[in-house]
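> After the structure tokens below, expect a handful of questions from me.
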Amino acid sequence: MSRPSSIALVAAALALTAAGPAVAQDSKAEAAQRFKDGEKAFKRHEYAVAAKAFEEAHAIAPHPAALFNAATAHQKAGDLVRAANLCARYLRDAPEDDSRREKANALIGELMPKLGRIQIKDRGAKNVQLDGKALDAETTYVDPGDHTVSGEFGDKTVQRKLAVVAGSLVKVALDPPKRESAALEEEGDEAPAPTNEPDQAKKGDKGLSPTLFYVGLGVTAVVGGVTLWSGLDTNKARDAYDADPTPEGLDEGRAKQSRTNLLLGATAVVGVGTAVVGLFLTNWKGKPKTAPPPEDAGLLVGPGFVGARGRF
């Protein structure tokens, strides 16, 4: 290498080194200006303008204050989804001793009952998107309603359609598509042909055994007991949340409330089903003497119904 070219390279390196602090200083100045613009817009109640300015300031020079202010401005502007996601990002990234954490927890606690959340496990998927937009967090706040999650496995795209209700957390996994041979095997499976059983319904002098009614009473009592326990557990969780309100406590309380509601519905369905069986379907006069003893009898209990199977 000739001497003149070596000198030129050294000079260029020195120039870049000197320019580095100046560029950084200019970025900080620009971020500070955008932050001030956001504060002015916020005072004028131009919350959407303020939110945009705070986000731009944070993009230039990341800072917890800009992130929290952007979340607050979005909440004031009515964009609750953006406000919740920025607030969650603040809680994730801000130092533990940041003075705004208490207000951020209060804000996220106010927004959670109004929105839904989607938690995505990509299972190796690439280009994971929610409603056609890329994600920057595993859990995302969304408006209640229908949503689509998609991801790519090689040249295949997998989609999951979700229905999200307010206050809920929906977990979805994006699994690789099944091999074609396995899919063909599944398509070739046929349901077993139903067996021909004697038509007992045509005989007017027969009905269900009273045993089924008593089993229904027992099931109703068990489900009712579990429902009572769940209600007490939910009240206990509510008291714990009132004493120490946290996002985790709110999640746990809402999950227990949903469980209790489901159990209440199950208790009502089983109870009504048992009453119908006892009033209209049970042969309380006894089975005809010519009827053979029951074979392969059994109880069926499922979501929303109680029944029996067997041959009488």
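> Would you kindly identify the strands (runs of 3 or more DSSP E) lying entirely within region 127-181 that contain at least 3 residues that are over 22 Å from MET112 (Cβ atoms)?
Those strands (runs of 3 or more DSSP E) span 145-153, 156-164.
> Write out, first by first residue and then by second, each pair whose Cβ atoms fall under 6 Å of each other, whose residues are 6+ apart or on separate chains, and whose first residue, in region 230-255, is more than 25 Å from THR139 (Cα to Cα) while the second is at pLDDT below 80.
SER230/LEU263
> Among the residues of region 38-61, is there at least one that is in a loop (DSSP other than H, G, I, E, B), of a type outside the set (Asp, Glu) and either under 31 Å from the mean Cα position of the chain (by Cα) or in the same structural domain as ASP143 (by TED's automatic domain parsing) (or both)?
The answer is no; no qualifying residue exists.
> Scan region 106-120 and give yes if some residue there is within 25 Å of PHE54 (Cα to Cα), part of a loop (DSSP other than H, G, I, E, B) and in contact with an Asp or Glu (Cβ under 9 Å, 6 or more places away or on another chain), otherwise no.
Yes, some residue in region 106-120 is within 25 Å of PHE54 (Cα to Cα), part of a loop (DSSP other than H, G, I, E, B) and in contact with an Asp or Glu (Cβ under 9 Å, 6 or more places away or on another chain).
> Please indicate, with yes or no, whether at least one residue in region 95-105 is out of contact with any strand residue (DSSP E or B) (no Cβ under 9 Å at 6 or more places or on another chain) and touching a residue at least 60 places away in the same chain (Cβ under 8 Å).
yes
> I want to confirm something. Restricting to region 133-158 and keeping residues that are touching a Gly at 6+ places or on another chain (Cβ under 8 Å) and either among the aromatic types (Phe, Trp, Tyr) or farther than 27 Å from ARG92 by Cα (or both), which single residue is modelled with the lowest pLDDT?
Filtering region 133-158 for residues that are touching a Gly at 6+ places or on another chain (Cβ under 8 Å) and either among the aromatic types (Phe, Trp, Tyr) or farther than 27 Å from ARG92 by Cα (or both), the one modelled with the lowest pLDDT comes out as PHE153.
> Which one of these is aliphatic (A, V, I, L, M), modelled with pLDDT of 75 or more and not assigned by TED's automatic domain parsing to the domain that holds GLY109: VAL269, VAL223, VAL277?
VAL269
The values are calculated or read from the model by the stated rules, or taken from the named source; none is laboratory data. Keep in mind the model is a prediction, meaning the values are calculated, not measured. Note: ideal-geometry Cβ built from the backbone for every residue, glycine included; neighbour counts use all protein chains shown.
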